[in-house]
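Participant: Mind having a look at this structure? Questions to follow.
The values are calculated or read from the model by the stated rules, or taken from the named source; none is laboratory data. The model shown is predicted, which means the values in this text are computed figures rather than measured ones. Methodologically, a virtual Cβ is constructed for each residue, glycine included, from the backbone with ideal geometry; neighbour enumeration extends over all protein chains shown. Surface accessibility is based on the protein's heavy atoms, side chains included, excluding ligands, DNA and RNA. Shrake-Rupley method; radii C 1.70, N 1.55, O 1.52, S 1.80 Å.
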Amino acid sequence: MNHRNPTLLAGTIVALALAHGAWAEDQSTPAPGETTATASAPAEPPAPAPPVASEAWFRTVKVKGQVESGITINPAGPDNGINFGHLFTDKANKYLLNQATPTFERDIDPKAAGIDVGFKVQGLYGSDARYTHFIGELDRVTGRLNQVDLVEANVTVHLPVLTKGGIDVKAGQYVTPLGEETIDPSGNFFYSHSYLFNFGIPFKHTGVLATTHVNPVLDIYTGYDTGVNTSLGTAGGFNDARFHFIAGFGLNFSRVTVLALTHIGPELPEGALGAGTNVGDYNRYLSDVLVTWKITDKLTSITEGNYIVDDGAATRGGGVVQYFTYVLSPEITAGLRAEAWRDAQGFYVAAFPGNLDFIDAATGRPNTSYGGGATTYGAITLGMNLKPSHLPRLIDGTAIRPEVRFDTVLAGGTTPFSGFPGGSRSQFTFGIDLLVPLNFR
């Protein structure tokens, strides 16, 4: 057939259509002596109606949980039972229920053609809650080791506006976007946390955060919140009415991603600078840069740097963390974390023996916390993630995470690690935890 001859092509199409119509008519006409009922095929049942939008949306809601428990062994046997330099794994030689976390959430589709709405509500019960409270929110329900906390309660909306990628807006209470490590243990490779995570970045915010997807490479972050680990109202922290904001950008390449963010606002509790001095006039600047490089399909490098300045307290802190992870098999991944973190005035790094010490220190109340002095800390952690295969869907993703860690003082004459008369300049710890997800839906 010559497809370049439109007259011939049109005639052929018409002829085929007429022939098909004649054949269909012949098939529907009963032969002599044959009834229409016997000649006609039974009608196809109607296709089920597609689910309404609300039903389809509800089907994407996840209902899940997670339980993490573990122990950190300190051979030095510190008299006060504290692994200095740790927060969430600070109790030496004591088995902990770190977290039991029920979660209800729906993830938005950032590539949705229209508006898409998601949410997340996550609670927490366990020893980790001592350090994750929003000020003034469930922080004094109990003074026991295991406490309760609301980790997140927010709504996220994808808006297909301004750019092809649109804007994602999160409003409510949410974990900070700064940093590599997270409160959620499934987002971390190691059981213990770095100095940078423990002392160099916020944990949570209350406010609004917008992520503008300018193009596939560039994301712009802008947000307004009430401060570091604060909720709303006079009981929810200090300087809520003062300007606190997050700003920064993300770069997304094929094997490299970069996330650079800063959080700025006043963070000192009332009275921290003496009577008559308004702490709201002094800002704290927390800046963090995270570079992830997928070197090969098995080897990943993550480099994080951070820097803190507080105008009111006239203090500085900051450092660098380097991670390497290597996939040995589908069930086994090995990892290394090395870091150095400087606490120039001995203001940021501290231990909190009492169960309410962390929240008391954050709100300017009397407490039994103690610092390590002006020094530079170093730490090296070696660990593995062991994930059994062929588990039931309910607990698929279960992980066992053993690690060995060495902490030391790199500069300065302090001896913050206890366990010896007068303290020590270093400590070894051996940790292991069991992380069990519960995939209900």
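Participant: Under a 1.4 Å probe, what is the accessible area of the chain per residue, stated in Å²?
Facilitator: In whole numbers, the chain has 48 Å² accessible per residue.
Participant: What span do the alpha-carbon atoms of the stretch 202-352 cover on each of the three principal axes, reported in whole Å from largest to smallest?
Facilitator: 60, 37, 25
Participant: While we're here: Any idea how far apart Ala338 and Ile115 come out in nm if each label point goes 7 Å out from Cα toward Cβ?
Facilitator: 5.2 nm
Participant: Ok, one more. Treating the beta-carbon of each Lys and Arg as +1 and of each Asp and Glu as -1, no other charges, what is the dipole magnitude of the stretch 254-346 about its Cα centre, to the nearest 20 debye?
Facilitator: Charge dipole, the stretch 254-346, about its Cα centre: 460 debye, nearest 20.
Participant: Calculate the FRET efficiency for Leu410 and Ile264 from the Cβ-Cβ distance with a Förster distance of 30 Å, rounded to the nearest 0.05.
Facilitator: In this case the efficiency is close to 0.55.
Participant: Sticking with this structure for a sec: Karplus couplings for the stretch 57-66 from phi (6.51 cos²θ - 1.76 cosθ + 1.60, θ = phi - 60°), rounded to Hz, Gly and Pro as x?
Facilitator: Rounded to whole hertz, the list is 5, 5, 5, 8, 6, 9, 10, 8, x, 6.
Participant: For the stretch 354-366, just list the computed ³J(HN,Hα) in residue order, Karplus coefficients 6.51, -1.76 and 1.60, θ = phi - 60°, integers in Hz, with x standing in for Gly and Pro.
Facilitator: Using θ = phi - 60°, the values come out as x, 5, 10, 4, 5, 6, 5, 5, 5, 9, x, 9, x Hz.
Participant: Too long at a 22 Å Cα-Cα cut-off: which of Lys111/Lys170; Lys170/Lys204; Lys62/Lys111; Lys111/Lys387?
Facilitator: Violating the 22 Å limit, Cα to Cα: Lys111/Lys387.
Participant: Turning to a different aspect of this structure: Would you mind checking the tilt of helix 6-28 against the longest principal axis of the Cα atoms of the chain, expressed as 0 to 90 degrees and rounded to 10?
Facilitator: Value to nearest ten degrees: 80.
Participant: Work through the residues other than Ser424 whose Cβ is under 13 Å from its Cβ and net out their charges, Lys, Arg +1 and Asp, Glu -1.
Facilitator: Its environment carries a net charge of -1.
Participant: For the chain, with all protein chains present and a 1.4 Å probe, just round the carbon and sulfur fraction of the accessible area to a whole percent.
Facilitator: 65 percent
Participant: Could you list which residues have their amide H under 5 Å from that of Asp396, counting only those 5 or more apart in sequence or on another chain, with H placed in the peptide plane?
Facilitator: Those lying under 5 Å, H to H, from Asp396 are Asn439.
Participant: Across the stretch 116-128, in residue order, what do the Karplus-derived ³J(HN,Hα) couplings come to in whole Hz, using 6.51 cos²θ - 1.76 cosθ + 1.60 with θ = phi - 60° and x for Gly and Pro?
Facilitator: After applying 6.51 cos²θ - 1.76 cosθ + 1.60, I find 10, 10, x, 7, 8, 10, 9, x, 8, 10, x, 6, 5 Hz.
Participant: Within a Cβ distance under 9 Å of Val321, other residues only, what is the Lys/Arg minus Asp/Glu net charge?
Facilitator: Residues close to Val321 contribute a combined charge of -3.
Participant: Which residue, Thr257, Tyr323, Thr300, has the largest displacement toward the positive end of the dipole of the stretch 249-329 when charges sit on each Cβ (Lys, Arg +1; Asp, Glu -1)?
Facilitator: Sorting the options by dipole projection puts first Thr300.
Participant: Moving on to the next point. Pulled fully out, how much extra length does the chain show between Phe253 and Tyr224, if you take 0.36 nm times their separation in residues and subtract their Cα-Cα distance?
Facilitator: Going from the current span to full extension adds 7.7 nm.
Participant: Let me ask something else. Work from the charge dipole of the chain (Cβ charges, +1 for Lys and Arg, -1 for Asp and Glu, about the Cα centre) and give the residue of Ser69, Ser426, Tyr377 farthest towards its positive end.
Facilitator: So the residue we want is Ser426.
Participant: Of the options Phe88, Thr176, Val157, report the single residue whose Cα projects farthest towards the positive end of the charge dipole of the stretch 50-193 (beta-carbon charges: Lys, Arg +1; Asp, Glu -1).
Facilitator: Positive-most Cα among the choices belongs to Val157.
Participant: When you have a sec, figure out the Kirkwood radius of the stretch 362-411 from all distinct Cα pair distances and drop it here in Å to one decimal?
Facilitator: After inverting the pairwise mean of 1/r, the radius is 15.2 Å.
Participant: OK, next. Could you compute Rg(Cα) / (2.2 N^0.38 Å) for the stretch 272-388, with N its residue count?
Facilitator: Its radius of gyration relative to the 2.2 N^0.38 Å reference: 1.40.
Participant: Another one. Just grab the label-to-label distance for Ser426 and Ala275, each label 7 Å out from Cα along the Cβ direction, in nm (one decimal).
Facilitator: 4.9 nm
Participant: How big is the Cα convex hull of the chain in projection, averaged over all directions, in nm²?
Facilitator: 32.4 nm²
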